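Below is one structure; the comments refer to it alone.
The values are calculated or read from the model by the stated rules, or taken from the named source; none is laboratory data. Because the structure is a prediction, the values reported are computed rather than measured. Quick reminder, even Gly has a Cβ in these numbers, built from the backbone with ideal geometry, and neighbours come from all protein chains shown. For the accessible areas, the whole protein counts, side chains as well, though only heavy atoms, and no ligand, DNA or RNA atoms are used. Shrake-Rupley method; radii C 1.70, N 1.55, O 1.52, S 1.80 Å.
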Number of protein chains: 2
Amino acid sequence: MYRLLKCAPLFLAVAVCSGWLFDDFGGKPKEPDEISLWPLPQKYQSSGVAFKLSAASFQIVHAAQSSAGPSCSLLENAFRRYFEYVFGDLKKHEKSRKKARDSDLAELQVWITSADPECDGYPSLNTDESYELSVDEPSAVLKAANVWGALRGLETFSQLVYEDDYGANNINKTDISDFPRFAHRGILLDSSRHFLPLKVILANLEAMAMNKFNVFHWHIVDDQSFPYMSRTFPDLSQKGAYHPFTHVYTPSDVKMVIEFARLRGIRVIPEFDTPGHTQSWGNGIKDLLTPCYSGSSPSGSFGPVNPILNSSYEFMTQFFKEISTVFPDAYIHLGGDEVDFSCWKSNPDIQKFMIEQGFGTDYSKLESFYIQRLLDIVAATKKGYMVWQEVFDNGVKLKADTQIHVWKEKPQYPDEMAAVTAAGFSALLSTPWYLNRISYGQDWANIYKADPQNFNGTDAQKKLVIGGEACLWGEYVDATNLTPRLWPRASAVAERLWSDKSVTDVGNAYNRLAQHRCRMVKRGIPAEPLFVGHCRHEYIGL
Amino acid sequence: MYRLLKCAPLFLAVAVCSGWLFDDFGGKPKEPDEISLWPLPQKYQSSGVAFKLSAASFQIVHAAQSSAGPSCSLLENAFRRYFEYVFGDLKKHEKSRKKARDSDLAELQVWITSADPECDGYPSLNTDESYELSVDEPSAVLKAANVWGALRGLETFSQLVYEDDYGANNINKTDISDFPRFAHRGILLDSSRHFLPLKVILANLEAMAMNKFNVFHWHIVDDQSFPYMSRTFPDLSQKGAYHPFTHVYTPSDVKMVIEFARLRGIRVIPEFDTPGHTQSWGNGIKDLLTPCYSGSSPSGSFGPVNPILNSSYEFMTQFFKEISTVFPDAYIHLGGDEVDFSCWKSNPDIQKFMIEQGFGTDYSKLESFYIQRLLDIVAATKKGYMVWQEVFDNGVKLKADTQIHVWKEKPQYPDEMAAVTAAGFSALLSTPWYLNRISYGQDWANIYKADPQNFNGTDAQKKLVIGGEACLWGEYVDATNLTPRLWPRASAVAERLWSDKSVTDVGNAYNRLAQHRCRMVKRGIPAEPLFVGHCRHEYIGL
């Protein structure tokens, strides 16, 4: 009865051409590969036997043996969310609860097996996100060590449900055993080039959960604006944000983002990029930035953080002390990319310091000097750190648990991934996943084909690849266009980072992804189309 | 006191770099070039003298001398619409009307000077859209021959109003005399590759009015789907739409689009493209398409409309009779592009017909044979027609008033514009304005630089250029991403087609367009950003 899912060897062209001819009034229960799971689970068996789900009787419940119960508000929230995804607005179904019929799937039991379900915890790099899901009558059972695996399984369960010709909800008899290929599966959003209203961030956290992403890399400040409202240094946003009241993230905004993410098993890693990319910092903090010189006098413009003043390090100490308490995650992203040396070179005090330190004219030594001190400051807060690849490339001495974020085209990223891991550091890939870069046509396929472990290296090196991130830099996106530009293109990254390395069939992916994007649209996310075709429920926003 | 607007010679780089430093809390009345009129009027004088506008006292009224009055519902609608754009939600201001103070601008008088204001008419190619606007105390006066010019002037008036530091509405003393450079300023939307919900079409008509576009070219059907519900041939949408109920435009939907457009001075020109691009037609009309052959037997697939059967022409006669009554505009777009000959070549009946007609193996003669008969059919409905350039290129005999729509890269479009106008036909340009084609970065500047009259030709030829259209083909856009992809990129086309030929300063355009896009955002249109920066009122949708 059961049969193993076989990825149908469909070619893209076939899928595309037949799209508009596709009859969505077809009869029998869905074939497993029509159900459009995304990302594809690691092990998946399904049969043609279908059960019905009635909104009036179906329930998601804690299994009797589960270590979690009604006091686990994370799960209670998730039960409600996924019930709504499957059945639509809850309110319609509140009143007339009924007993399930014999042929129905009566319930989904969620069984947390660890003594500590981690209901009030935060996900981390070491979180076990695996789960097992069995759909059979009269109950489906979702088994996970803790709430984080349960969240992933609930998403998968909701994706298994499909409407038959009568609009009734069906689910096929199914067995799934699933776990992520990589532990770090992130999305970078940039709230500095354009301010992103909270609503946009939260909607994208929703979409991330639908794609089993688990890290929100919040590139919260940069040259253009400083929307993070600091308790310790309120002038940073007061003078550095686009607007001190309407274009800032208050402490409660930040808390809300972190909690909204936590409820979806998503870590929030803030990036406070220094010593470059800091123009907006200079508005609020006197003498933080290096004064640039034009000939023998200051030009009035400023460069990177001034690395020769003690006050710079005193500021960073206090600032990162605050950051380390505001953001619960064990990691902070410290940036360190694209430091422009021209301003440092122009400044006579810096020139003198270079001579004193014996740096000659090698300004990357000055950069390393700054970064080294910064890393020590952050290490003292007990946080781990992520840095962009330049910090590694420049030979800065790093703690063993430092994560190197690879983003540059040169050297070719497989070479950089090999170098970083050969040096024993954890590596994260973003180079092929700069989703701000757009081009005409179906670019998702190239996004999909990139693999973080495709480089020459030992098994030990491959194990140091902890994952990757899709980056949506903010120069050309804001609330008006961010979400459709990110989705479903980021979904291609999601499957690469979650599913087995062997899942690479672009034709099969096209079919599932086209349906997955319609599912996101139905759930209110304006994910753009892959190509011609339609969704049963088109986007109803604007 | 008055001074002529001078386009400040700002360079793009300056505008961009200073964007984030720009202080939007500045003091005094706006300088004329800060007011961000888009598209720039033909003649424009403004002074630093500012008047205030109070929502409680300001009114838009018919001038005593106007030929239009309260029974002109088109204007009444427009008065309300522009009052709301200026002051926000009407309801807040309904109750406590007050008398204007001396320093206020008390009212805008709209004065229609022709005997027939055309309140219940439709705009046409020959419509006079010129207007004169004088803002002075105690009243501003907008003078136009008819309602169409008044609509353009109302938009300009609303763009003159700006908020001062206290959020109060101000307007400077101003004199404007304005008219469009080209009569045909269009946007093409494609509702076949993806169905576009009515809401999306209406929102884009709103945005078009904000940019003084006056033609909605509705590429309503194509290979992929046939959403137009025909009264005469209901099977066309019943069998050719993505879904026969949810993905169609009913007769009342079409009426609503036409009326919504009319109220904004926008013509609706439908395109029913034949003989190619007709796969979806074949589902509902037996024998309409050419059966393709594989060797000596039909392959089961179909090609363009079958040009050798009388039944094809009988169908077209009935079909276009309906279309000519449903769409009030004097023009219909008949397509005629990209006819693939391979299916015709494969069909033995077609081969025989070619011999009988003495066409040899020149299938473009067969295409012309079809088009010629189609043009006669449509001419009998008293409609004019637009066709894509291939119809001209293939030497089809055309009525003198035919409009040739130039879209191909080869030959280079200036050469094609020269050839079309040398032959005495009206020409429309779209080649540089295929806005479905996207690339990374600020592509609006190239869109802006293209000019339909930049070709070698006589003055008489230049006069035959009636305008152009921005085209957003639908392969990769639907309700989720269409609007931000179109705006403000299409705004660049809007200014090219409305403003004087000399208005070409990209730096000045950048500054005005960045503000214009924020104005569109404030009015609910998710127009995407040009580059880094912010809007005082960010988009509040998703």
Pair list, Cβ under 6 Å, 6 or more apart: the range B:191-204 residue surrounded by fewer than 19 Cβ atoms within 10 Å (Cβ to Cβ), other residue not in a loop (DSSP other than H, G, I, E, B): B:Leu198/B:Asp253; B:Leu202/B:Phe260
Residue count for the range B:483-507, restricted to those that are surrounded by 21 or more Cβ atoms within 10 Å (Cβ to Cβ), more than 19 Å from A:Thr480 (Cα to Cα) and of a type outside the set (Phe, Trp, Tyr): 6
Yes/no for B:Thr317 being out of contact with any Asp or Glu (no Cβ under 7 Å at 6 or more places or on another chain) and outside any helix (DSSP H, G or I): no
All helices (runs of 4 or more DSSP H) inside the range A:407-507 with 1 or more residues being within 24 Å of A:Ala207 (Cβ to Cβ), away from chain B (no Cβ under 14 Å) and β-branched (Val, Ile, Thr): A:444-449, A:489-498
Given (1) open to solvent by 40 Å² or more (accessible area, probe 1.4 Å); (2) of a type in the set (Lys, Arg); (3) within 13 Å of chain A (Cβ to nearest Cβ); (4) part of a helix (DSSP H, G or I), index of the condition B:Arg517 fails: (1)
Residue among B:Asn146, B:Asn169 that alone is under 22 Å from B:Pro41 (Cβ atoms) and in contact with a Pro (Cβ under 7 Å, 6 or more places away or on another chain): B:Asn146
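For the subset of the range B:411-424 comprising residues that are over 21 Å from B:Lys365 (Cα atoms) and surrounded by fewer than 22 Cβ atoms within 10 Å (Cβ to Cβ), which member is nearest to the chain's Cα centre (by Cα)?
B:Pro414
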Residues within the range B:520-542 that are surrounded by fewer than 21 Cβ atoms within 10 Å (Cβ to Cβ) and more than 25 Å from A:Gln279 (Cα to Cα), tallied: 5
Out of B:Gly507, B:Gly524, sole residue that is of a type outside the set (Asp, Glu) and on the phi > 0 side of the Ramachandran plot: B:Gly524
Looking only at the range A:348-368, and only at residues there that are crowded, with 19+ Cβ neighbours inside 10 Å and in contact with a Pro (Cβ under 9 Å, 6 or more places away or on another chain), the one that is nearest to A:Trp473 (Cα to Cα): A:Glu367
Residue count for the range A:374-408, restricted to those that are farther than 23 Å from A:Ala427 by Cβ and surrounded by 15 or more Cβ atoms within 10 Å (Cβ to Cβ): 2
Checking B:Ala144 against (1) hydrophobic (A, V, I, L, M, F, W, C); (2) in contact with a Gly (Cβ under 7 Å, 6 or more places away or on another chain); (3) open to solvent by 50 Å² or more (accessible area, probe 1.4 Å), the condition it does not meet: (3)
Positions within the range B:321-354 being touching a Leu at 6+ places or on another chain (Cβ under 8 Å), among the hydrophobic types (A, V, I, L, M, F, W, C) and under 26 Å from B:Asn126 (Cβ atoms), in sequence order: B:Ala330, B:Leu334
Check on B:Arg523, touching a residue at least 40 places away in the same chain (Cβ under 8 Å) and within 14 Å of chain A (Cβ to nearest Cβ): yes
Residues of the range B:155-195 classified as modelled with pLDDT of 95 or more, in a loop (DSSP other than H, G, I, E, B) and not small (Gly, Ala, Ser), total: 8
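Given the range B:196-288, what helices (runs of 4 or more DSSP H) lie entirely inside it while holding 2 or more residues that are charged (D, E, K, R) and either within 14 Å of chain A (Cβ to nearest Cβ) or more than 30 Å from B:Pro117 (Cα to Cα) (or both)? So that I can check it myself, show each step before the final result.
Numbers: elements: B:198-210, B:235-240, B:251-262, B:279-284.
Helices (runs of 4 or more DSSP H) meeting the threshold: B:198-210, B:235-240.
Of all residues in the range B:290-317, how many are among the polar types (S, T, N, Q), surrounded by fewer than 19 Cβ atoms within 10 Å (Cβ to Cβ) and under 34 Å from the mean Cα position of the chain (by Cα)?
Within the range B:290-317, residues that are among the polar types (S, T, N, Q), surrounded by fewer than 19 Cβ atoms within 10 Å (Cβ to Cβ) and under 34 Å from the mean Cα position of the chain (by Cα) number 1.
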From the options A:Ile308, A:Ile377, A:Ile355, residue that is among the aliphatic types (A, V, I, L, M) and in contact (Cβ under 8 Å) with a residue 60 or more places away in the chain: A:Ile377
Residue selected from the range B:530-542 under the condition touching a Lys or Arg at 6+ places or on another chain (Cβ under 7 Å) and facing chain A (nearest Cβ under 7 Å), by the criterion farthest from A:Val248 (Cα to Cα): B:Leu542
Restricting the range B:338-383 to residues that are assigned to a loop (DSSP other than H, G, I, E, B) and of a type in the set (D, E, K, R), the residue that is nearest to B:Trp407 (Cα to Cα): B:Glu338
Unmet criterion (only one of (1) in contact (Cβ under 8 Å) with a residue 24 or more places away in the chain; (2) in contact with a His (Cβ under 6 Å, 6 or more places away or on another chain)) for B:Leu513: (2)
